[in-house]
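Below: one structure, written as C-alpha cells.
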Amino acid sequence: MKRIIPVLLAVMLTARLGVVQYEGHRETFYNLKMNRICSRATENGIQGTYWERDDGCKMFGDYIIVAADWDKHPYGSLVQTSLGTGIVLDTGSFKDRSTVDLATTW
C-alpha cells in the first residue's frame, strides 16, 4: 500500500487571502498613493523609481514597497516576502510587530 505524504506549498499573499504567514511574519496588503513614500526614500538616499508590477505589487526599484514596525525592520531594510524581496519604506500601527504590509494595487 502506498503512503500519501502531504506536500506543503508556499502560500503567496493575494487579495482573496488577505493575510498569510510567511517565514515567521504575518503579511497583509494595503493600497495607498506612494508619492510621499517614494519622495522620502529618495530624500534619504535610497535609489529607485516607482512602478507597478503586473501582479499589482507597488515597486521602488527592484523591491516591493512594504510597511513594517521600524523597531523590528528598520527603514530601508530588505525583507523577504511571499511575493519577493521588499524594502521597508513605510510604517504603521501594528498589533503584531512581525506584520509586514505589502503595497499593492488591489
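The values are calculated or read from the model by the stated rules, or taken from the named source; none is laboratory data. The model shown is predicted, which means the values in this text are computed figures rather than measured ones. When we count neighbours, we look across all protein chains shown, and the Cβ atoms used for this are built from the backbone with ideal geometry, even at glycine.
Here are a few things to note about the model shown:
- Pairs are defined by a Cβ separation below 7 Å, a sequence spacing of at least 6 or placement on different chains, a first member in segment 14-28 that is at positive phi and touching a residue at least 24 places away in the same chain (Cβ under 8 Å), and a second member that is part of a strand (DSSP E or B) and of a type outside the set (Val, Ile, Thr); the pairs so defined are 23/80.
- Qualifying residues in segment 53-63 (those that are crowded, with 22+ Cβ neighbours inside 10 Å and in contact with a Ser or Thr (Cβ under 7 Å, 6 or more places away or on another chain)) - the one farthest from residue 32 (Cα to Cα): 57
- Test: residue in segment 36-43 that is touching a residue at least 24 places away in the same chain (Cβ under 8 Å) and out of contact with any Leu (no Cβ under 8 Å at 6 or more places or on another chain): no
- Those residues of segment 82-98 which are at pLDDT 95 or above, in contact with an Asp or Glu (Cβ under 8 Å, 6 or more places away or on another chain) and not aliphatic (A, V, I, L, M), in sequence order: 82, 85, 90, 91
- The residues of segment 70-88 that are under 10 Å from the mean Cα position of the chain (by Cα) and under 17 Å from residue 36 (Cα atoms), listed by number, are 87, 88.
Residues are listed down the side, and each one gets a yes or a no for (1) crowded, with 16+ Cβ neighbours inside 10 Å; (2) touching a Lys or Arg at 6+ places or on another chain (Cβ under 6 Å); (3) in a strand (DSSP E or B); (4) not hydroxyl-bearing (Ser, Thr, Tyr):
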{"position": "51", "(1), (2), (3), (4)": "no, no, yes, yes"}
{"position": "65", "(1), (2), (3), (4)": "yes, yes, yes, yes"}
{"position": "70", "(1), (2), (3), (4)": "no, no, no, yes"}
{"position": "73", "(1), (2), (3), (4)": "yes, no, no, yes"}
{"position": "79", "(1), (2), (3), (4)": "yes, no, yes, yes"}
{"position": "86", "(1), (2), (3), (4)": "yes, no, yes, yes"}
{"position": "94", "(1), (2), (3), (4)": "yes, no, no, yes"}
{"position": "106", "(1), (2), (3), (4)": "no, no, no, yes"}
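- Some residue of segment 2-23 being of a type in the set (Asp, Glu) and modelled with pLDDT of 95 or more: no
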